[in-house]
1. Could you tell me how many of the residues in region 26-42 are out of contact with any helix residue (DSSP H, G or I) (no Cβ under 6 Å at 6 or more places or on another chain) and either among the aromatic types (Phe, Trp, Tyr) or crowded, with 21+ Cβ neighbours inside 10 Å (or both)?
2. If Asp22 meets every condition in (1) part of a loop (DSSP other than H, G, I, E, B); (2) closer than 25 Å to Phe138 by Cα apart from one, which number is that one?
3. Return yes when Gly150 is at pLDDT below 95 and not in a loop (DSSP other than H, G, I, E, B) and no when it is not.
4. Could you list, in sequence order, all residues of region 81-110 that are outside any helix (DSSP H, G or I) and under 16 Å from Asn59 (Cα atoms)?
5. Would you pick out the residues in region 169-204 that are touching a residue at least 40 places away in the same chain (Cβ under 8 Å) and of a type in the set (D, E, K, R)?
6. Given Ala124, Ala161, which one is assigned to a loop (DSSP other than H, G, I, E, B) and out of contact with any Phe, Trp or Tyr (no Cβ under 6 Å at 6 or more places or on another chain)?
7. What about Ile182, is it out of contact with any Gly (no Cβ under 9 Å at 6 or more places or on another chain), under 20 Å from Leu95 (Cα atoms) and either assigned to a strand (DSSP E or B) or not small (Gly, Ala, Ser) (or both)?
8. Return the total of residues in region 60-79 being more than 16 Å from Leu112 (Cα to Cα) and at pLDDT 95 or above.
Amino acid sequence: MIALKRDYSPQPDLSHASERIDLACAFRWTVRFGFHEGVANHFSLAVNEDGTQFLMNPNLRHFSRISASEMLLLDANDSATMEHPDAPDPTAWGLHGSIHRHCPHARCVMHLHPVYSTVLASLADSNLPPIDQTSVSFYQRYVIDEEYGGLAFENEGERCAAQLSDPKNKVMIMGNHGLMVIGKDVADTFNRLFYFERAAENYIKALWTAKPLRVMSAEIAEKTALEQESYPEFAEKHFEELKAILDEEEPSYRL
């Protein structure tokens, strides 16, 4: 009798398939938009009701190569996470584990250091004034972290999570650090990330002119922000288009 050869190689994790595909798409487009920092930074997505179980990118994997089956499935309440052989980046665990543990409204969490948002976070005044139709989307809908305490290990992650307790604040401008964006799903969060970085770029370039800024009134800013929040299916359609482009040009993200 011929013995059958068994395959002991790791098998891809196919649980939460659609969520994995969406996250992989976001990673690939982060590279295409030039928002990434090589193998640094991290995105996560909650997959259970209370938000404590979540998908996240594997440690030290370049965003351009991340695919759906590679996402780690983690539990924010598992104190032994960093002892596992496939443990995530320790700062990713400190930051995302804390947020998913304490902020159930933060279903998706994206942390990165895109250039213009990070320039904004480096200014003594990191506020983003409502000077155009992009920046006004974030009017009074962000928080500025003024107490940077070093790399985002668990204590620093807990401190950051406490600042996102108000569901209205979906963006954290992390002083001396970078950007944190939260949302209800990948499409919602990635759309917000894209437009915040675009708004920061517009603002920084406006400052370069050294000319007075045309800042909207509080009344018009809030009215416009509300109108944009209720604009039908914008984030979903934007993300569907991003996936459609990858399906044609870079379909390996789905594997």
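1. Taking region 26-42 and keeping what is out of contact with any helix residue (DSSP H, G or I) (no Cβ under 6 Å at 6 or more places or on another chain), we get 32-35, 37-41.
Remaining after also requiring either among the aromatic types (Phe, Trp, Tyr) or crowded, with 21+ Cβ neighbours inside 10 Å (or both): 33, 35, 41.
Result for region 26-42: 3.
2. So the condition that Asp22 fails would be (1).
3. Against the criterion (at pLDDT below 95 and not in a loop (DSSP other than H, G, I, E, B)), Gly150 does not qualify.
4. Start the filter on region 81-110 by keeping residues that are outside any helix (DSSP H, G or I), which leaves 84-89, 103-110.
His84, Pro85, Asp86, Ala87, Pro88, Asp89, Met110, listed by residue number.
5. Taking region 169-204 first, the residues touching a residue at least 40 places away in the same chain (Cβ under 8 Å) are 173-204.
Scanning region 169-204 gives Lys184, Asp185, Asp188, Arg192, Glu197, Arg198, Glu201.
6. Values: Ala161 fails: assigned to a loop (DSSP other than H, G, I, E, B).
Exactly one residue qualifies, and that residue is Ala124.
7. Details: out of contact with any Gly (no Cβ under 9 Å at 6 or more places or on another chain): yes; under 20 Å from Leu95 (Cα atoms): yes; either assigned to a strand (DSSP E or B) or not small (Gly, Ala, Ser) (or both): yes.
So Ile182 passes the test.
8. We begin by selecting, within region 60-79, every residue more than 16 Å from Leu112 (Cα to Cα); these are 65, 67-79.
Now restrict to residues that are at pLDDT 95 or above: 65, 67-78.
Summing the residues that are more than 16 Å from Leu112 (Cα to Cα) and at pLDDT 95 or above in region 60-79 gives 13.
The values are calculated or read from the model by the stated rules, or taken from the named source; none is laboratory data. Given the structure is predicted, the values throughout are model-derived calculations rather than measurements. A quick note on method: Cβ atoms are made from the backbone with ideal geometry, for glycine too, and the neighbour counts reach across all protein chains shown.
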